[in-house]
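Following: one structure in structure tokens, then a few remarks.
The values are calculated or read from the model by the stated rules, or taken from the named source; none is laboratory data. Note that the structure is a prediction, hence the values are computed from the model and not measured. Here the Cβ is made from the backbone with ideal geometry for all residues, glycine too, and neighbour counts use every protein chain on show. These accessible areas exclude ligands, DNA and RNA; they are computed on the full protein's heavy atoms, side chains included. Shrake-Rupley method; radii C 1.70, N 1.55, O 1.52, S 1.80 Å.
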Amino acid sequence: MSKYDFKKIENHWREEWDRQGLHATNDDPTRKKFFILDMFPYPSGNGLHVGHVEGYTATDIMARKRRMEGWSVLHPMGWDAFGLPAENYAIKTGTPPRQSTEGNIANFTRQLRTLGFSYDWSREINTSEPAYYRWTQWLFLFLYKKGLAYKKKSPVNWCGSCQTVLANEQVVQGECERCGSEVEQKNLTQWFLRVTEYADRLLDGLDGLDWPERIKAMQVNWIGRSEGINIHFALEGTNKTLSTYTTRCDTIHSVTFLVIAPEHPLVEELIEGTEQENEVRRVVAQIKKQTEIERTSDTGKDKIGAFTGRYAINPVSGERIPVWVANFVLMYGTGVVMADAHDRRDFEFARKYDLPLKFVISEDGQPTDATKAKEAFTDDGILFGSGQWDGRNNREALPEMTAWIEEYGWGTRTVNYHLRDWLVSRQRYWGAPIPILYCDKCGELPVPEDQLPVLLPEDVDFRPTGESPLARSVSFHDVKCPECGGPARRESDTMDTFVDSSWYFLRFCSPHEGEHPFSVHDVAHWAPVDLYVGGAEHAVLHLLYARFFTKVLYDHGLVSFDEPFLKLMNPGTVLGENSEKMSKSRGNVVNPDDVAAEYGVDALRLYEMFMGEFSDVKPWDTKGIKGVSRFLDKVWLTVHDVLHEPRPAADESLERLLHKTIRKVSEDIEAFKFNTAISALMIFINEWSSVNKTGDRETAGTFLKLLAPFAPFLAEELWRSLGNEQSIFLESWPKWDEDRCRDEVVTLIVQVDGKMRDRLIAAADTDNERLKAMALSSDAVRRAIGERSVVKIIIVAGRLVNVVTE
RNA sequence: GCCCGGAUGGUGGAAUGGUAUACACGGAGGACUUAAAAUCCUCUGGCCGCAAGGCCUUGCCGGUUCGAGUCCGGCUCCGGGUACCA
């Protein structure tokens, strides 16, 4: 328990700050602007967890410091309120999603206000409100009209438990990101956004961003750009060719068979009328029954396939090679691969089905025999059996071979991407309806803009059946075609919630704009986001989609920048006390409400920032909160001492330490090194409260300003008790004097051959000759030198003297 | 496999190439107290030594440097991401 009544202080200042409108956005155009944003939360039934608090405290500290430095700061909060959990909860309990979501938002709001975060609540947004999703729908239509939203039948990911399709980005190792059920493939007609059109720009744009390298790397990998060549193999006995995509055309002379994906449209044509027809059909059916996990399990024995009965001609060597169909080849690239002994997968498959294999690369260029090899040779080396290329290093020859193949017309250079178009339709209720109509006469039509929003009907049975719950709502579908006036039917799918969050940061600039999704003027003032803080789990989801949206809007002149988030920081995961991930089942979840009630909000905030480096994974330690709680008590007592026993003037050495502390705290906040900033505050208060140091009201005031962003309630309370009329947050951030950060007397270490032997105390301006003499006169130094002679003496100003011997 | 990180006391963690272990937790001892809690003070990397002092220590092996936790090369282990991507 604390020395002071934090509950009372917290409640008082929370009300007072609200009354004064202290956190209202100052949009004075003459000030420098700072848009600092947290990834807005999904308001779940569990409420805020300590991981949220970590990120939100960091941005709050930053925002408060920036305001005190005179910037105009936009620091808003809102709700990513559409989504599956509310709907699943509705299915279980019958509570409509809108109702449970409202309750959850009320709870989140209470928690965020309790924790003293300085959000401008007048700018709150909620993606599930018509005033917001009207513009999500508008933006969908915008993409549609620009040819970037389209409907297509294709194999898609289907989660049987959630009864909906999922985007590629939402499938994590073959499982549904949300519920963990196994994802199956279905052939369905769905809506897509043409992200692939922006693949190169999404890749190139990463260079200029101040983002963690690993997030950039994840996006690079996800986009998966590879440069290769499509090599065309003539099919024997037909006038058709099979195109294979490869990044390794240096192995062209070792190709001994082709493998085609079971989904490839040419498979039917290939096998029709062949002896193998039935066998191939049987194997293809078997593969299609495999789940994603079985299909992609990376072990040789799980590879299955069948000979199509067809042969192709290697255009380079003229060799006749069999064409197989197999599960390990996906409809990626051209859906056909040239197979050889230099690829592990091809090699394993060939061994299982006794297909021929040969090598064309070895370590030294001496021919090697693949028929006896135990495994594929995947290293680089020297080519053999490759005609004019023999004796060349395969990597070095690769570009020339590519050009050569292209020159002879055997292939075409191609760039491939792993990135697929973004599947955005969902067969669920709790989302923004896709604003499209279907008329028997006029076909597929966008809902006219003046008819937006397409409201979510409230009288719906939202239990999932595999088709959208909206499909069963009669009122929802009772519409007329805007073209011919005849009966029309609405699209009954809703949008992926990641569409909602792809533009919300723009909405924050003008949250009450009624005529447009956002005010171009306000967005020009505030955006892009200067500092964005949120979890790394969104690396290839939200962060990629928001970049895509921004680039589209940029291309059509709606915004003047093409990257939404200039700087990104990821809070590290907060683990449970046992260093395991926090989860209900492990029973190690820490509830911020409980901590705030027991130790106070300031202690909770301070502790979360003190645990360790912001972006590192770190375990919760309840004992650690006691430490910061003691620190706050000490601040309370020390400042109160100033009040009760006013002393004449501050101690000179304490003043010097204060300047160093201002510098340290200021620089550390900028660098997101909150743990060491707090450590500096602790060092200062320890020094101050030690018996022989005195500080005055000036000292106290400056110290409190440094503490204020971290522990706003205590700092404000003490600031006022020093006799100040207005809020500490309206004060200027303290400045340090570089001269006063310098000590007059310094302690230098004396080394002999780099080993510390003694230390000497000298005036800071002592010249080098004098320092050398002082060092050499030390007993410890003389002992260490012994009989050896001194070769040179290195002096690092203010730090050390190193005596180097022979 | 590939791509990112990381490895420092009993614990969480500090260290622009310059006193390794700041700050905090925990522990030991002491003060106050009838007692406990709270608070305050002292000590707290390892080994040798009565002491003075000495030696060792940032996952492992080398290198660069007057000087390396930090830079370079080669490993080991751990965490995260990702993958039959041809």
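Values computed for the structure shown
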{"item": "Chain A, relative contact order [Cα under 8 Å, separation at least 6], %", "result": "14"}
{"item": "Mean separation of Cα contacts under 8 Å, 6 or more apart, over the residue count of region A:282-441: relative contact order %", "result": "13"}
{"item": "Rounded Å value of the spacing that divides the Cα centres of region A:352-367 and region A:521-535", "result": "56"}
{"item": "Where Cα atoms sit under 30 Å apart: lysine pairs in region A:270-422 separated by 8 or more or lying on different chains", "result": "18"}
{"item": "Low-density loop positions, GluC sites (Glu not before Pro), region A:330-391 - DSSP coil, at most 14 other Cβ in 10 Å", "result": "A:GLU363, A:GLU375"}
{"item": "Placed amide H near A:LEU575: partners under 5 Å, 5+ positions off or other chain", "result": "A:LYS618, A:TRP620"}
{"item": "Gain on full stretching of the segment that runs from A:ARG282 to A:ASP440 - 0.36 nm per residue minus C-alpha separation", "result": "52.9 nm"}
{"item": "Tilt relative to chain A, helix A:84-93 - C-alpha long axis, 0 to 90 degrees, to 10", "result": "90"}
{"item": "Principal-axis tilt of helix A:213-223 within chain A, Cα atoms, nearest 10 degrees", "result": "10"}
{"item": "Ranking by accessible area, most exposed first, for A:ASP5, A:ASP493 with a 1.4 Å probe", "result": "A:ASP5, A:ASP493"}
{"item": "A:HIS232 - accessible surface, heavy atoms, 1.4 Å probe, Å² rounded to 10", "result": "60"}
{"item": "Where A:LYS660, A:LYS3 fall by accessible area, highest first, once all protein chains stay in place (1.4 Å)", "result": "A:LYS3, A:LYS660"}
{"item": "Two-decimal Rg to Rh for chain A - Kirkwood Rh, Cα set", "result": "1.07"}
{"item": "Gyration tensor (alpha-carbon) shape descriptor, region A:521-594, a/c threshold 1.5", "result": "prolate"}
{"item": "Helix-only [θ]222 nm of chain A, DSSP H runs n ≥ 4, -39500 (n - 2.57) each, per residue, nearest 500", "result": "-11000 deg cm²/dmol"}
{"item": "Hits among aspartates and glutamates - C-alpha to C-alpha of A:LYS581 under 14 Å, sequence gap 8 or more where chains match", "result": "A:ASP616, A:ASP621"}
{"item": "Pairs of Lys in region A:1-75 closer than 26 Å at Cα, counting only those 8 or more apart or on different chains", "result": "4"}
{"item": "Cβ-Cβ FRET estimate between A:ILE794 and A:ASP765, R0 fixed at 22 Å, reported to 0.05", "result": "0.70"}
{"item": "Degrees separating the helix A:674-689 axis from the principal Cα axis of chain A, which is the longest one", "result": "10"}
{"item": "Spatially close lysines, pair count over region A:661-764: Cα under 24 Å, gap of eight or more or interchain", "result": "9"}
{"item": "Normalised contact order of region A:1-117, rounded percent, pairs of Cα under 8 Å and 6 or more residues apart", "result": "33"}
{"item": "Around A:VAL746: net Lys/Arg minus Asp/Glu count, Cβ-Cβ under 14 Å", "result": "+2"}
{"item": "J(HN,Hα) series, region A:175-183, from Karplus relation 6.51 cos²θ - 1.76 cosθ + 1.60, nearest Hz, glycine and proline x", "result": "10, 5, 4, 7, 10, x, 6, 5, 8"}
{"item": "Among beta bridges that DSSP assigns inside chain A, antiparallel share in %, nearest 5", "result": "80"}
{"item": "Label-point gap, in nm, between A:ASP354 and A:ARG201 - each point 7 angstrom along Cα→Cβ", "result": "5.6"}
{"item": "Distant-in-sequence amide H partners of A:GLN190 (H built 1.01 Å from N, under 5 Å)", "result": "A:LYS152, A:LYS153, A:SER154"}
{"item": "Average accessible area per residue (Å²) across chain A - probe 1.4 Å, nucleic acids and ligands excluded", "result": "44"}
{"item": "Nearby lysines by direct alpha-carbon distance to A:LYS151 (threshold 17 angstrom, same-chain neighbours under 8 apart not counted)", "result": "A:LYS186"}
